[in-house]
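This report concerns only the one structure given below.
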Amino acid sequence: MIFSTLEHILTHISFSVVSIVITIHFLTLFLLVDEVVGLYDSSEKGMIVTFFCITGLLVTRWIYSGHFPFSDLYESLIFLSWGFSLIHMVSYLKFKKCKNNLSAITAPSAIFTQGFATSGLLTKMHQSAILAPALQSQWLMMHVSMMVLGYAALLCGSLLSVALLVITIRKAIKIIGENNNFAFSFGKIQYMNERSNVLLNTYFLSSKNYYRYQLTQQLDRWSYRIISLGFIFLTIGILSGAVWANEAWGSYWNWDPKETWAFITWTIFAIYFHTRTNTNLEGVNSALVASMGFLIIWICYFGVNLLGIGLHSYGSFTLN
């Protein structure tokens with residue numbers, strides 16, 4: 001009873017704090033008052049509080065249930081939310097120059113995943129249960145933690161790429177439209193990318209738009225770094241899962257829906273890294289691939305669970 005009450009308190013505290021953090025970000029974005037009232041520092045402190053609350057929630061559930069909290073969709077969503085908060089904490093402590101941009105991504109991501117996990121749709125999963133026989137293995141912590149941390153990092157990096165794509169395309173449309181009355185279509189993205197070195201740099205390097213130019217460079221750099229980290233986690237997760245599958249089911253790969261979409265996700269981001277090696281495909285093209293990866297990740301992580309079939313059906317989504 002004590003553990004259940006503590007878990008309930010920590011859940012609501014973390015959800016409330018991260019909601020306040022998002023409100024602060026909206027205020028600083030639209031009102032531009034962060035330097036006046038110090039709201040930015042408050043949002044950073046709020047994310048720190050959220051991180052420790054979710055950490056306490058996971059530890060409490062671990063102690064109460066007697067196993068690492070990865071037995072169902074609810075617990076994995078909480079861990080995914082913790083992963084978003086962890087990425088923010090690392091960037092805050094070590095790479096403070098990018099913390100403002102990352103918190104604008106990690107805070108909404110954390111509240112979305114935690115909000116869905118604590119909603120009424122997953123009420124049946126809130127209570128800890130005995131692990132399914134397939135999950136009673138020493139590989140549970142290794143495989144699932146690497147996969148979920150990989151998802152968290154790849155989602156954050158992909159969202160940064162989406163932001164870069166939106167900014168770049170809007171500015172390219174404005175520049176080309178002012179000069180040639182250019183009608184935008186996705187088929188002309190390559191055309192914009194080829195001219196971006198001349199048009200965008202000339203536009204951005206003006207005193208009025210220099211900050212936006214720096215922002216796009218920062219988004220591209222940090223998107224690449226975070227996606228690289230997530231790709232490593234995803235690779236380790238897939239390999240450890242293959243070893244676990246061989247022990248549990250007698251085969252390293254069974255083309256289960258979850259396994260298949262994990263492989264598709266891995267392939268998409270491998271293509272992303274390939275585009276980064278070609279200077280002609282950097283920027284818009286790599287951001288497009290990462291944006292596709294964002295959708296693929298959600299299909300792999302959550303969409304497959306809607307089917308409730310396959311060897312990973314213990315993580316399926318069930319309504320009350």
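The values are calculated or read from the model by the stated rules, or taken from the named source; none is laboratory data. Quick caveat: nothing in here was measured; it's all calculated off a predicted structure. Here the Cβ positions follow ideal geometry from the backbone for every residue, glycine too, while neighbour counts run over all protein chains shown.
Close Cβ contacts (under 8 Å, 6 or more residues apart or on different chains) running from residues in region 214-234 that are more than 17 Å from THR265 (Cα to Cα) to residues that are of a type in the set (D, E, K, R) and in a helix (DSSP H, G or I) comprise GLN218/LYS97.
Looking only at residues that are of a type in the set (Gly, Ala, Ser) and crowded, with 19+ Cβ neighbours inside 10 Å in region 228-239, which one is nearest to the chain's Cα centre (by Cα)? Among residues in region 228-239 that are of a type in the set (Gly, Ala, Ser) and crowded, with 19+ Cβ neighbours inside 10 Å, the one nearest to the chain's Cα centre (by Cα) is GLY230. Being at pLDDT 75 or above and not in a helix (DSSP H, G or I) is a property that SER207 lacks. Selection within region 244-267: residues that are of a type in the set (A, V, I, L, M) and surrounded by fewer than 20 Cβ atoms within 10 Å (Cβ to Cβ). The member of this set that is farthest from the chain's Cα centre (by Cα) is ALA248.
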